[in-house]
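Have a look at the structure below before the remarks.
The values are calculated or read from the model by the stated rules, or taken from the named source; none is laboratory data. All of these numbers come straight from a predicted model, not from anything done at the bench. All Cβ positions, glycine included, derive from the backbone under ideal geometry; neighbour counts span all protein chains shown.
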Amino acid sequence: ESMNSTGRELSQADLIRNFVLMGQPPELQERLYGHHWRPMELAFGQEAYGGSEFSAFMRDFLTLKTGEVPRLDLVYDTFKAYARRPEVELAGIEALLAELHTIALRYARIVLGQEPDPELQQAFHDLRELKVNVVNPLLLELYGDVDAGLIDRAELLEALRLLEAYVFRRAVCAIPSNSQQKTFATFSRALRKEPSHVLPSFKAHLLSLPSYRRFPSDGEFRRDIQERNLYKFNKSCSYWLRRLENHQRKEPIAVANYTIEHILPQNPELPAAWRQALGENWKALQEEWLHRLGNLTLTGYNPELSDRPFHEKRDHQGGFAHSPLVLNQGIGQLQLWGVEEIRQRGGCLAELALQVWPAPALSQEQLDLYWGSAKVTNAFYSLADHPQLANTQIRVVFDALDHSIRSLDPNVYQDVRKLYIAYKCETNFVDIIPQVRRLLLALNMPYAELDDPNGLARNVAGLRRWGNGEVELGVAMLEEVPYAVGLIRQSLERQLSGSSSEDLAE
């Protein structure tokens with residue numbers, strides 16, 4: 001379990017191979033290697049098998065089977081633990097290797113570009129371009145549903161495009177991505193594994209994800225894709241410009257043959273014609289609008305167009321008036337290029353973006369079917385239902401806490417319950433229980449993980465109380481608020497990292 005015959009440290013793949021083969025009778029060992037392990041080596045190829053790719057596959061296999069994401073350097077240990085589960089041992093080592101072999105071939109199609117279907121291959125490629133490897137266990141699950149007859153190829157393709165839209169919309173809307181690993185690792189638990197139900201339940205679950213795990217709405221996406229600095233997005237504009245340009249084209253263009261063009265030039269010392277067109281406030285306008293959606297396009301004539309005045313860019317051979325690209329339609333008919341033209345083009349492209357990266361579409365009846373009781377609206381309560389807050393001193397402290405907690409993250413929201421006020425991103429990270437002379441705070445985190453240098457919090461694990469978690473803290477005066485917020489921040493950061501407990505409150 002340490003080194004091979006040449007003294008080199010064994011890879012996670014080597015360790016797992018040795019674990020499943022060594023100790024088996026020679027005849028079985030030869031059959032397992034020839035029928036299952038060797039085909040996996042060939043599917044991955046020498047570079048991928050000997051590098052990190054096979055270890056990444058094993059991590060995704062274990063995530064798929066257990067719902068937990070192991071560290072890459074602990075893949076072997078996690079695999080041993082999985083292989084020793086009673087149900088896995090009962091099925092036998094050959095069944096385990098056969099399943100591993102089947103899923104490895106799916107992985108090669110998804111991640112290594114070996115998918116024979118052109119549309120599926122392109123969809124997998126587009127997801128890979130977004131650098132979202134944490135989605136792979138879910139992709140393996142969905143591909144397995146195709147093999148099991150639960151969904152067909154068209155439904156798989158639709159699911160892939162919705163996942164792409166989910167990831168891209170969230171990136172454009174600057175929603176933190178640190179929740180995605182947990183989201184995708186547990187996604188399949190929400191799927192209804194029956195023919196004709198997998199895809200609708202998939203869509204319903206996407207639409208049900210709350211707060212910082214949410215699928216951005218059309219309005220949020222439409223606004224942010226027009227306002228965001230897209231030039232530096234995802235290290236390259238080629239992905240989203242390609243997707244916009246090639247949407248529903250039967251003969252896609254090769255973006256590699258084009259370069260990104262700023263219609264309003266990047267040059268910080270704009271030529272006089274551009275300054276005159278923008279007006280005396282030209283510098284501020286250039287900085288504000290330069291990298292926005294409406295000002296970016298593709299061209300094969302970047303050096304020739306350069307910083308020329310707009311009418312020369314338009315009429316030059318190969319300029320906008322002569323461009324065959326969808327992205328450049330309409331630019332050749334304009335007389336001027338300024339803020340209003342950038343705004344209008346950005347709005348048009350944003351509408352196109354809603355078609356390229358669509359939100360899931362389900363009827364209300366379907367939503368009710370798949371959400372079920374999980375989405376039944378709670379009884380409505382307000383702060384007026386907490387008479388303790390009528391105390392002026394306590395209310396001042398509460399208002400200061402409320403403002404500070406909401407300021408910790410833009411996704412924090414308040415949920416007033418009958419007996420306490422909860423603050424959530426996805427689930428409660430702190431609950432405030434108003435009392436006559438103080439506010440009692442319940443932090444939803446293990447007491448052992450709390451950094452409380454002043455020792456003011458109390459361990460309430462195992463005690464009956466309102467609220468969630470193992471940490472309790474009293475706040476009665478304004479000067480106590482900053483320290484309390486420092487402890488609350490730890491509970492929120494734990495939730496944002498994907499480590500939070502489930503909400504246990506009614």
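Quickly run through segment 239-255 and pick out the residues that are polar (S, T, N, Q) and not in a loop (DSSP other than H, G, I, E, B). I'd like the intermediate steps shown before the answer.
Step one: list which residues in segment 239-255 are polar (S, T, N, Q), which gives 246, 248.
Of everything in segment 239-255, just one residue is polar (S, T, N, Q) and not in a loop (DSSP other than H, G, I, E, B), namely N246.
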Open item on the list: Regarding segment 225-232, can at least one residue be identified that is of a type in the set (V, I, T) and closer than 22 Å to L354 by Cα?
Closed with: yes
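Based on what the data block shows, is A448 modelled with pLDDT of 85 or more, surrounded by fewer than 16 Cβ atoms within 10 Å (Cβ to Cβ) and closer than 30 Å to V69 by Cβ? Explain how you work it out, then say what you get.
Values: modelled with pLDDT of 85 or more: yes; surrounded by fewer than 16 Cβ atoms within 10 Å (Cβ to Cβ): yes; closer than 30 Å to V69 by Cβ: yes.
Against the criterion (modelled with pLDDT of 85 or more, surrounded by fewer than 16 Cβ atoms within 10 Å (Cβ to Cβ) and closer than 30 Å to V69 by Cβ), A448 qualifies.
Test of understanding: among R170, R161, R192, R109, which residue is outside any helix (DSSP H, G or I), charged (D, E, K, R) and buried (at least 16 other Cβ atoms within 10 Å of the Cβ)?
Numbers: R170 fails: outside any helix (DSSP H, G or I); R161 fails: outside any helix (DSSP H, G or I); R109 fails: outside any helix (DSSP H, G or I).
Being outside any helix (DSSP H, G or I), charged (D, E, K, R) and buried (at least 16 other Cβ atoms within 10 Å of the Cβ) holds for just one of R170, R161, R192, R109, which is R192.
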- [ ] Return yes or no: is Q122 over 18 Å from L199 (Cα atoms), out of contact with any helix residue (DSSP H, G or I) (no Cβ under 9 Å at 6 or more places or on another chain) and in the same structural domain as T63 (by TED's automatic domain parsing)?
- [x] yes
Task: Candidate set from segment 257-285 (those that are part of a loop (DSSP other than H, G, I, E, B) and in contact with a helix residue (DSSP H, G or I) (Cβ under 7 Å, 6 or more places away or on another chain)); member that is surrounded by the most Cβ atoms within 10 Å (Cβ to Cβ) - done: L264
Open item on the list: Would you confirm, using the coordinates I've provided, whether G347 is in contact with a Lys or Arg (Cβ under 6 Å, 6 or more places away or on another chain) and closer than 30 Å to L290 by Cβ?
Closed with: no
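Please count how many residues of segment 201-217 are surrounded by 15 or more Cβ atoms within 10 Å (Cβ to Cβ) and either in a helix (DSSP H, G or I) or among the hydroxyl-bearing types (S, T, Y) (or both). Before the answer, list the steps.
Let us first name the residues in segment 201-217 that are surrounded by 15 or more Cβ atoms within 10 Å (Cβ to Cβ), namely 201-209, 211-216.
If we keep only those that are either in a helix (DSSP H, G or I) or among the hydroxyl-bearing types (S, T, Y) (or both) too, we end up with 201-208, 211-213.
Qualifying residue count for the region: 11.
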- [ ] Starting from segment 427-450, take each residue that is under 9 Å from S491 (Cα atoms) and list its partners that are among the basic types (K, R), counting only C-beta distances under 6 angstrom and pairs at least six apart or across chains.
- [x] M445/R494
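A quick yes/no check of all residues on (1) in contact with a His (Cβ under 8 Å, 6 or more places away or on another chain); (2) among the aliphatic types (A, V, I, L, M); (3) within 28 Å of A277 (Cα to Cα):
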| site | (1), (2), (3) |
| --- | --- |
| R314 | no, no, yes |
| A321 | no, yes, yes |
| L325 | no, yes, yes |
| L336 | no, yes, yes |
| E341 | no, no, yes |
| A359 | no, yes, no |
| L362 | no, yes, no |
| L367 | no, yes, no |
| Y370 | yes, no, no |
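Could you identify the single residue in A174, A190 that is more than 30 Å from Y231 (Cβ to Cβ) and small (G, A, S)?
Only one candidate qualifies: A190.
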Task: Residue satisfying all of: in segment 26-65; in contact (Cβ under 8 Å) with a residue 24 or more places away in the chain and either of a type in the set (S, T, N, Q) or in contact with a Gly (Cβ under 6 Å, 6 or more places away or on another chain) (or both); farthest from G92 (Cα to Cα) among these - done: S55
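Does D307 qualify as being closer than 30 Å to S208 by Cα and of a type in the set (D, E, K, R)? First the steps, then the outcome.
Working: closer than 30 Å to S208 by Cα: no; of a type in the set (D, E, K, R): yes.
For D307, the condition - closer than 30 Å to S208 by Cα and of a type in the set (D, E, K, R) - is not met.
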- [ ] Given the conditions (1) farther than 30 Å from S188 by Cα; (2) modelled with pLDDT of 85 or more, report the number of the one that W466 does not fulfil.
- [x] (2)
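Select from segment 400-427 the residues that are assigned to a helix (DSSP H, G or I) and either touching a helix residue (DSSP H, G or I) at 6+ places or on another chain (Cβ under 7 Å) or farther than 17 Å from A442 by Cα (or both) and list them in ascending order. So that I can check it myself, show each step before the final result.
Of segment 400-427, the ones assigned to a helix (DSSP H, G or I) are 400-406.
Hits for segment 400-427 are A400, L401, H403, S404, I405.
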Task: Lone qualifier among L64, L72 - being at pLDDT below 95, aliphatic (A, V, I, L, M) and surrounded by fewer than 16 Cβ atoms within 10 Å (Cβ to Cβ) - done: L72
- [ ] Read through the list (1) within 20 Å of the chain's Cα centre (by Cα); (2) over 30 Å from Q286 (Cβ atoms); (3) in the same structural domain as N295 (by TED's automatic domain parsing), then give the number of the only condition that I225 fails.
- [x] (2)
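Taking L336, is it assigned to a helix (DSSP H, G or I) and either in the same structural domain as L352 (by TED's automatic domain parsing) or touching an Asp or Glu at 6+ places or on another chain (Cβ under 6 Å) (or both)? Steps first, please.
Details: assigned to a helix (DSSP H, G or I): no; either in the same structural domain as L352 (by TED's automatic domain parsing) or touching an Asp or Glu at 6+ places or on another chain (Cβ under 6 Å) (or both): yes.
Considered against the rule, which asks whether it is assigned to a helix (DSSP H, G or I) and either in the same structural domain as L352 (by TED's automatic domain parsing) or touching an Asp or Glu at 6+ places or on another chain (Cβ under 6 Å) (or both), L336 comes out as no.
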Task: Residue list for segment 36-52, restricted to those being closer than 19 Å to P137 by Cβ, modelled with pLDDT of 90 or more and in contact with a Phe, Trp or Tyr (Cβ under 7 Å, 6 or more places away or on another chain) - done: F44
- [ ] Under 9 Å between Cβ atoms, at least 6 apart or on separate chains: pull out the pairs that start in segment 250-279 with a residue that is closer than 19 Å to E340 by Cβ and in the same structural domain as E340 (by TED's automatic domain parsing) and end on any residue that is modelled with pLDDT under 90 and of a type in the set (S, T, Y).
- [x] H262/Y231; P265/S306
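Restricting to segment 132-142, and then to whatever is out of contact with any Leu (no Cβ under 7 Å at 6 or more places or on another chain) and part of a helix (DSSP H, G or I), can you tell me which residue is nearest to L64 (Cα to Cα)? Before you say what the answer is, go through the steps one by one.
So in segment 132-142, the residues out of contact with any Leu (no Cβ under 7 Å at 6 or more places or on another chain) come out as 132-134, 136, 138-139.
Filter once more, keeping what is part of a helix (DSSP H, G or I): 133-134, 136, 138-139.
Working: N133: 13, V134: 11, N136: 9, L138: 7, L139: 10 Å.
If we take residues in segment 132-142 being out of contact with any Leu (no Cβ under 7 Å at 6 or more places or on another chain) and part of a helix (DSSP H, G or I), then L138 is nearest to L64 (Cα to Cα).
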TODO: May I ask you to say which residue of L112, L74, L32 is assigned by TED's automatic domain parsing to the domain that holds E155, in contact with a helix residue (DSSP H, G or I) (Cβ under 6 Å, 6 or more places away or on another chain) and of a type in the set (A, V, I, L, M)?
DONE: L32
Open item on the list: Just to be sure I understand the filter: pairs with C-beta atoms under 8 Å, separated by 6 or more residues or on different chains, first member in segment 290-307 and touching a residue at least 12 places away in the same chain (Cβ under 8 Å) and assigned by TED's automatic domain parsing to the domain that holds A350, second member polar (S, T, N, Q) and part of a loop (DSSP other than H, G, I, E, B). Which pairs pass?
Closed with: L290/Q266; H291/N229; R292/N229; T299/S323; Y301/Q317; E304/Q317; D307/N267
Open item on the list: What pairs come out if I take residues in segment 176-187 that are assigned by TED's automatic domain parsing to the domain that holds L138 and buried (at least 18 other Cβ atoms within 10 Å of the Cβ) and pair them with residues that are of a type in the set (K, R) and outside any loop (DSSP other than H, G, I, E, B) whose C-beta lies under 6 Å away, six or more apart or interchain?
Closed with: S179/R213; T183/R213
